[in-house]
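A quick write-up on the structure given underneath.
Readers should treat all values here as calculations from the given coordinates under stated rules, not as data from a laboratory. Here the structure is a predicted model, which means the values were calculated and not measured. Neighbour counts are summed over all protein chains in view; Cβ atoms, including those assigned to glycine, are modelled from backbone coordinates with ideal geometry.
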Amino acid sequence: MRYTLRQLEVFLAVARLGSVSRAARELAMSQSAASGSLADLERQFDVRLFDRAGKRLQLSDLGGSLRGHAQAVLDQARELERGLEGQKEAARLRIGATLTIGNYLAAALMARFMRRYPAAEVTLTVANTEEIARQAGNFEIDIGLIEGEVSGPDLEVTPWRDDELVVFCAPDHPFARKRVLTDRDLRGAAWIVREHGSGTRQAFDRAMHGLLPELRIALTLQHTEAIKRAVAAGLGVSCVSRIALDDAFGRGSLKACRVPHRDFRRQFFFLLHRRKFRSAGITRWIEICRAGDD
């Protein structure tokens with residue numbers, strides 16, 4: 001074999017970080033050793049894997065086409081190593097989750113996973129759908145749990161579970177006394193919404209199709225808890241996932257509003273890079289997520 005796994009590690013680290021020096025630090029190598037490893041790989045096959053853009057290295061067309069293959073080879077090698085060492089559990093699992101899932105579902109799923117596989121090392125990154133998709137495409141996470149729809153030639157999106165958004169207000173808001181809300185009510189409200197790029201905002205915009213230009217957006221906030229507090233303080237009304245609201249509805253601190261003529265249903269999804277090796281850890285994580293729906 002004309003390449004080494006260490007060369008692949010350096011190649012992938014530089015591809016992700018855009019810098020030989022940063023890749024060297026991550027891999028606990030000297031910069032000269034990392035640079036030499038990458039140069040040897042290119043020289044052995046007479047190829048150029050990176051283009052230089054100022055001080056940053058960017059994947060060449062060839063490097064970009066080979067990146068997924070290299071990641072899959074390295075992932076399989078690590079899985080083989082764990083098997084040879086007698087490890088039946090995932091040594092490392094990097095999960096990315098969008099904010100609603102990360103804040104209200106992921107902790108319970110991680111606890112279930114780690115009870116079953118106590119030797120596993122699990123990390124969780126929480127961000128909006130756009131950012132989780134970027135990280136999956138860049139191999140920075142192993143699997144994403146997302147609430148928005150994404151597409152891309154390198155991304156594989158698989159349905160996970162159903163969800164729905166709910167319009168809500170403070171208990172003393174005029175909407176709390178209405179049996180149902182009309183489009184006229186929706187136009188007259190001061191809305192507190194999630195930012196563009198989030199799955200919740202995507203679903204809200206779709207549900208409000210035809211009304212969006214007429215809605216009055218009073219506040220745009222990045223966190224659901226901040227939105228809930230702003231609504232409870234009387235600053236407006238909002239619309240987020242029911243799983244983020246059930247406790248507040250039970251306490252009576254927020255009030256659900258019925259809007260039966262608008263469709264607030266949506267799905268949550270698993271997100272993986274198409275070339276990502278499906279390790280035992282990824283497979284077991286998906287099984288535990290699906291078992292939570294039973």
List, in order, the whole-Hz ³J(HN,Hα) value for each residue of segment 155-161 obtained from phi through the Karplus relation with A = 6.51, B = -1.76, C = 1.60 and θ = phi - 60°; use x for Gly and Pro.
-> 10, 10, 10, 10, x, 10, 8
Give the relative contact order (percent, whole number) for the chain; include only Cα pairs under 8 Å separated by 6+ residues.
-> 22
Can you tell me the equivalent ellipsoid semi-axes for segment 5-84? Use √(5λ) from the Cα gyration tensor, largest first, whole Å.
-> 21, 15, 11
If contacts are Cα pairs under 8 angstrom and at least 6 residues apart, what is the relative contact order of segment 176-237 in percent?
-> 44
Student exercise, segment 5-84 dipole from Lys, Arg, Asp, Glu Cβ charges, in Debye to nearest 20 = 340
Counting DSSP beta bridges with both partners in the chain, what percentage is antiparallel, nearest 5?
-> 60
Once amide H atoms are built 1.01 Å from N in the peptide plane, which residues 5 or more positions from Leu155, or in another chain, come under 5 Å H to H?
-> Arg274
Built amide H within the under 5 Å cut-off of Arg92, gap 5+ = Glu121
Residue-averaged 222 nm ellipticity for the chain, from DSSP H runs of 4+ at -39500 (n - 2.57), nearest 500 | -13000 deg cm²/dmol
Please give every one of the aspartates and glutamates within straight-line cross-link reach of Lys255, meaning a C-alpha to C-alpha distance under 17 Å, and leave out same-chain neighbours fewer than 8 residues apart.
-> Glu164, Asp172, Asp185, Glu225, Asp246, Asp247
Which whole-Hz ³J(HN,Hα) couplings does segment 215-222 yield from phi under the Karplus relation 6.51 cos²θ - 1.76 cosθ + 1.60, θ = phi - 60°, glycine and proline marked x?
-> 6, 9, 8, 7, 9, 10, 10, 8
The equivalent-ellipsoid semi-axes of segment 127-237, taken as the square roots of five times the Cα gyration tensor eigenvalues and listed largest first in whole Å, are 31, 15, 12
Positive-end extreme of charge dipole, segment 169-294 - chosen from Phe204, Cys289, Pro260 (charges on Cβ) = Cys289
Computed about the Cα centre, the charge dipole of segment 162-266 from +1 Lys/Arg and -1 Asp/Glu charges at the Cβ has a magnitude in debye, to the nearest 20, of 300
